[in-house]
Amino acid sequence: MTQIIDGKSAAQQIRLELKQQIATLPKMPQLDIVLVGHDDASEIYVRNKLKAAAEIGLKANLHQLDEHSSENDILALIERLNNDSAVNGIIVQLPLPAHINTHKIINQIAPQKDVDGFHPYNTGMLQNNEIPYFIAATPLGIMKLVQRFCPHLSGKNVVIIGASLIVGRPLATLLLNQECTVTITHIHTQNIKELTQKADILVAACGVANLVKRDWIKNGAVLIDVGINRCDGKICGDIDFADVQDKAGAITPVPGGVGPMTIAMLLENTVHAYLLQHQS
């Protein structure tokens, strides 16, 4: 019987614990979100983050800039937030408009306020198997879900479909640090199905609706679906849930799997930032 990995329930528990922790602090932690332009999906994500922050007693501010804002405008805003002691965490909602150099913007964020975990300091520390200030929220959330079903990851064969800087690559590093054998596939990988059929844990994060079918997986595999796609007016993932459900050992639903955990980890990172910055 396939187990459903309930990310919504896990995230609710984490948010409750964070709410209780925040209530004991002398001051509310503060998260500042920079949004450039009016991308519909980005605005939905930001609203969800603002709502989740308010529910746990975390202060969140939105800085929305015009889509024609220059790099210097954004860099100046980030520098001001870096220097504001009231600001504990800073995120820049991606993607940015095409005329903006994303790496340049992310690199401007102070590493100790980079609660998205994208700054080279944080990614480099993770790559070195050292402790960064922050780990990117989606990979961190995935690890917490995976470890509920596979508490002993050493030696597990993991395949990740998708090599993005936001999910695939940092997740691969986290899994390598847990002594997994990790394969990352991408658009030019040949014979992907032959690789996924050997995976104890399969993570789909490529943005192709219902790509992974029953014959792509082995019996009892743990399936993590990061995809968010539109399928006949409904939200669906990169894994064909109905097709694989009775063959997988465990699977995250879409929605209600990885998504809620991503926001919970962002909130957790922000509280962690507050504690780091207020250490005596």
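Read-outs: derived from the displayed coordinates by stated rules, not from any lab. The structure presented is a predicted model; accordingly, all values stated were derived computationally and were not measured. Methodologically, a virtual Cβ is constructed for each residue, glycine included, from the backbone with ideal geometry; neighbour enumeration extends over all protein chains shown.
Before moving on, here are some points about what is shown:
- Reported value for the stretch 26-110: 77 Å³ per residue, from the convex hull of its C-alpha atoms.
- Cβ-Cβ FRET estimate between residue 51 and residue 98, R0 fixed at 45 Å, reported to 0.05: 0.95
- Only Lys, Arg (+1) and Asp, Glu (-1) charged, at Cβ; the stretch 137-259 dipole about Cα centre in debye: 140
- Amide H contacts under 5 Å for residue 210, placed H, 5+ residues apart: 237, 238, 239
- With a simple spin-label model that places each label point 7 Å from the Cα along the Cα-to-Cβ direction, the separation between residue 73 and residue 13 comes to 4.5 nm.
- Counting every other Cβ atom within 10 Å of each residue's Cβ, 149, 118, 134, 241 order from fewest to most as 149, 241, 118, 134.
- Helix-only CD estimate at 222 nm, as mean residue ellipticity for the chain, using -39500 (n - 2.57) per DSSP H run (n ≥ 4): -12000 deg cm²/dmol
- Solitary cysteines of the chain, where the nearest other Cys Cβ is not under 4.7 Å: 150, 180, 206
- Anisotropy class of the stretch 137-259 from Cα gyration tensor, a/c 1.5 cut: rounded
- Taking max minus min of the alpha-carbon positions on each principal axis, the chain gives extents of 53, 42, 39 Å, largest first.
- Using 0.36 nm per residue and subtracting the Cα-Cα separation, the extra length available between residue 130 and residue 86 on full extension is 13.1 nm.
- Sorting 185, 270 from the fewest to the most surrounding beta carbons within 10 angstrom yields 185, 270.
- Summary value for the chain: 22 percent relative contact order, contacts being C-alpha pairs under 8 angstrom separated by 6+ residues.
- Exposure proxy shown here: for 150, 231, 206, the number of other Cβ atoms within 10 Å sets the order, fewest to most, as 231, 150, 206.
- Length gained on full extension, residue 152 to residue 40, computed as 0.36 nm times the residue gap minus the Cα-Cα distance: 36.3 nm.
- Approximate spin-label separation residue 25-residue 208, in nm, with each point projected 7 Å along Cα-to-Cβ: 4.2
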